[in-house]
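Below you'll find the structure, written out as structure tokens, and then a few comments.
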Amino acid sequence: MADEKRAEELKQEILDLTREYHEAAFGGPAPEFVPGRTRVPYAGRVFDAAEMVNLVDSALEFWLTYGRFSEEFEQRFAAWVGVRDAYLVNSGSSANLLAVATLTSDKLGDRRLRHGDEVVTVAAGFPTTIAPVIQHGAIPVFVDVDPATHNATVASVREAISPRTRAIMLAHTLGNPFEAQQMRELADEHDIWLIEDNCDALGSVHRGRKTGTFGHIATSSFYPPHHLTMGEGGAVCTSDPLLASIALSMRDWGRDCICVSGQDNRCGRRFSQQFGTLPFGYDHKYVYSEWGYNLKATDMQAAVGVAQLDKIDGFVEARRANYARLHAALQPAAGVLVLPEATPQSQPSWFGYLMTVREDSGVERSAIVGALEAAGVQTRMLFAGNIVRQPVFDALRASAHGYRVVGDLENTDRIMRGGFWVGVYPGMSGAMIDHMAAVILDAAGVHA
């Protein structure tokens, strides 16, 4: 027989020891930063004892799947973003998959996304913004991006809309919002969906509202480099009750029942309903109204996320401050590099600082990136560059399904050839920012 009192005593002892372990393993002052010797990553985990204690607390409970931490995270995250519902999933890529899948439901009638329908997006981005479109038999329609904000414009998306268009799916590039309010107005004007990929932009604000609230449905990612981490994880957000019910069903195997893990009769009618041609009273827990998946995260991941939510506002402010410091320091290089600009009426929560070497500057991207990496500064390209040039498109290009391009993707190609970015994450010190700027300026052949 379980000794509950003793178990609780041991649990508290373990959690106290966990705090001590964190202090011993991760506490104390940060190591001295030595330019050129200390590695400057583009991103990383920022955490303290609270995350570790929550993680161990969840492990000791050994519930493992969706549980109390998951429920707390969903409620608090939805409130923080400013949406009605948020559903935790196992990654940001799964969040994008679930968002697109939600729009294919028969419950949406004539507005549902069908095979052969078109979805307007950009080629300058991450592959799993686009993959769910193709995986569900829709046709991606690619538009170019603005060279300074690195986002699609409303004008370019408007030009791409055809009678077959059913949705617009766009990411806020590296935290810089696209013209979200106008894009939603455009979607509503044409009675199509706006899917807002908010994976790189948690905490960004456009026209006084947080990103993630403009789309009919929106997604987030909690991978370690992102604004809030669970190690792995993501979320689907919406304020539309019908979309919420579809997303929840599809996340949880496609079942009709809304009981969370461990519940058996939340609706009180588990054995007293009629569904289709099933026998009357068939167990509601095994009635399926959608073609779904199992995309849930574990409660241990959610436990880390709950602690991270207490820090998210500070993370956002730190990203903005790091961006501002780097942006000011790099102004002398504006003749060599196209520096990023915030979308008008926006306050980005920057994921990274993206620059593009001007093609008439006489400077090669490889020289700057090589200098940064040699100096211990981690760099990244803008993900897939122009994704239609990636090997995965070879078969798609030759297929009847295919894709469509509106315009010449000139800016996308220019970013692919000359673009690179460095981090501004909260774990960076002012000395790290200054070191990055000095290396970039020197490699670009300009001086402060």
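Key figures for this structure:
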quantity: Residue in the stretch 258-281 that is crowded, with 17+ Cβ neighbours inside 10 Å and in contact with a Lys or Arg (Cβ under 6 Å, 6 or more places away or on another chain) present; calculated: no
quantity: Condition check for Gly314: surrounded by 17 or more Cβ atoms within 10 Å (Cβ to Cβ) and either in contact (Cβ under 8 Å) with a residue 24 or more places away in the chain or β-branched (Val, Ile, Thr) (or both); calculated: no
quantity: The one condition in (1) open to solvent by less than 60 Å² (accessible area, probe 1.4 Å); (2) touching a strand residue (DSSP E or B) at 6+ places or on another chain (Cβ under 8 Å); (3) not acidic (Asp, Glu) that Tyr286 fails to fulfil; calculated: (1)
quantity: Matching residues in the stretch 165-179 - criterion: being part of a helix (DSSP H, G or I) and either under 22 Å from Arg112 (Cα atoms) or open to solvent by 10 Å² or more (accessible area, probe 1.4 Å) (or both); calculated: Thr173
quantity: Residue ID - most open to solvent (accessible area, probe 1.4 Å), chosen from residues in the stretch 433-448 that are at negative phi and assigned to a loop (DSSP other than H, G, I, E, B); calculated: His447
quantity: Qualifying positions in the stretch 223-243 - among the β-branched types (Val, Ile, Thr), under 11 Å from the mean Cα position of the chain (by Cα) and within 15 Å of Ala86 (Cβ to Cβ); calculated: Val236
quantity: Conditions (1) touching a Ser or Thr at 6+ places or on another chain (Cβ under 7 Å); (2) surrounded by fewer than 20 Cβ atoms within 10 Å (Cβ to Cβ): number failed by Gln135; calculated: (1)
quantity: Subset tally (residues that are in contact with a Phe, Trp or Tyr (Cβ under 6 Å, 6 or more places away or on another chain) and over 19 Å from Gly418 (Cα atoms)) for the stretch 346-368; calculated: 1
quantity: Flag for Asp3 being at pLDDT below 95 and either surrounded by fewer than 20 Cβ atoms within 10 Å (Cβ to Cβ) or among the β-branched types (Val, Ile, Thr) (or both); calculated: yes
quantity: Which listed residue is of a type outside the set (Phe, Trp, Tyr) and under 29 Å from Gln181 (Cα atoms), from Gly385, Gly335, Gly402; calculated: Gly385
quantity: The stretch 145-164 - residue that is assigned to a helix (DSSP H, G or I) and of a type outside the set (Val, Ile, Thr) and, of those, most open to solvent (accessible area, probe 1.4 Å); calculated: Glu159
quantity: Meets criteria (aliphatic (A, V, I, L, M), within 30 Å of Gly430 (Cβ to Cβ), in contact (Cβ under 8 Å) with a residue 12 or more places away in the chain and open to solvent by 20 Å² or more (accessible area, probe 1.4 Å)) for Ala307; calculated: no
quantity: Tabulated pairs, the stretch 345-366, first among the charged types (D, E, K, R), second in a loop (DSSP other than H, G, I, E, B) and buried (at least 17 other Cβ atoms within 10 Å of the Cβ), C-beta under 9 angstrom, 6+ apart or interchain; calculated: Arg358/Val336
quantity: Test: residue in the stretch 199-212 that is among the aliphatic types (A, V, I, L, M), open to solvent by less than 10 Å² (accessible area, probe 1.4 Å) and closer than 19 Å to Glu72 by Cβ; calculated: yes
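Yes/no matrix, rows are residues, columns are (1) under 25 Å from the mean Cα position of the chain (by Cα); (2) outside any helix (DSSP H, G or I); (3) surrounded by 15 or more Cβ atoms within 10 Å (Cβ to Cβ):
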position	(1), (2), (3)
Glu8	no, no, no
Thr18	no, no, yes
Ala24	no, no, no
Phe33	no, yes, yes
Gly36	no, yes, no
Glu51	yes, no, yes
Leu64	yes, yes, no
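Residue-wise test of (1) more than 26 Å from Asp313 (Cβ to Cβ); (2) open to solvent by less than 10 Å² (accessible area, probe 1.4 Å); (3) in contact with a strand residue (DSSP E or B) (Cβ under 7 Å, 6 or more places away or on another chain); (4) touching a residue at least 24 places away in the same chain (Cβ under 8 Å).
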{"residue": "Val377", "(1), (2), (3), (4)": "yes, yes, yes, yes"}
{"residue": "Arg380", "(1), (2), (3), (4)": "no, no, yes, yes"}
{"residue": "Phe383", "(1), (2), (3), (4)": "yes, no, no, yes"}
{"residue": "Leu396", "(1), (2), (3), (4)": "yes, no, no, yes"}
{"residue": "Arg404", "(1), (2), (3), (4)": "yes, no, yes, yes"}
{"residue": "Thr412", "(1), (2), (3), (4)": "yes, yes, yes, yes"}
{"residue": "Gly427", "(1), (2), (3), (4)": "no, no, no, yes"}
{"residue": "Ala431", "(1), (2), (3), (4)": "no, no, no, yes"}
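A quick yes/no check of all residues on (1) among the aliphatic types (A, V, I, L, M); (2) free of Cβ contacts under 8 Å to residues at least 12 places away in the same chain; (3) assigned to a helix (DSSP H, G or I); (4) open to solvent by less than 10 Å² (accessible area, probe 1.4 Å):
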| residue | (1), (2), (3), (4) |
| --- | --- |
| Arg76 | no, no, yes, no |
| Trp80 | no, no, yes, no |
| Val83 | yes, no, no, no |
| Leu88 | yes, no, no, yes |
| Ser94 | no, no, yes, no |
| Ala99 | yes, no, yes, yes |
| Lys107 | no, no, yes, no |
| Asp110 | no, yes, yes, no |
| Thr121 | no, no, no, yes |
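Here is a yes/no grid of residues against (1) of a type outside the set (Phe, Trp, Tyr); (2) open to solvent by less than 40 Å² (accessible area, probe 1.4 Å):
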| site | (1), (2) |
| --- | --- |
| Gly231 | yes, yes |
| Ser245 | yes, no |
| Glu290 | yes, yes |
| Ala303 | yes, yes |
| Arg320 | yes, no |
| Tyr323 | no, yes |
| Ala329 | yes, yes |
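The values are calculated or read from the model by the stated rules, or taken from the named source; none is laboratory data. For clarity, every value in this text was computed on a predicted model and none was experimentally measured. For neighbour counting, all protein chains shown are included, and Cβ atoms are generated from backbone atoms with ideal geometry for every residue, glycine included. The area values use the complete protein model at the heavy-atom level, side chains included, leaving out ligands, DNA and RNA. Shrake-Rupley method; radii C 1.70, N 1.55, O 1.52, S 1.80 Å.
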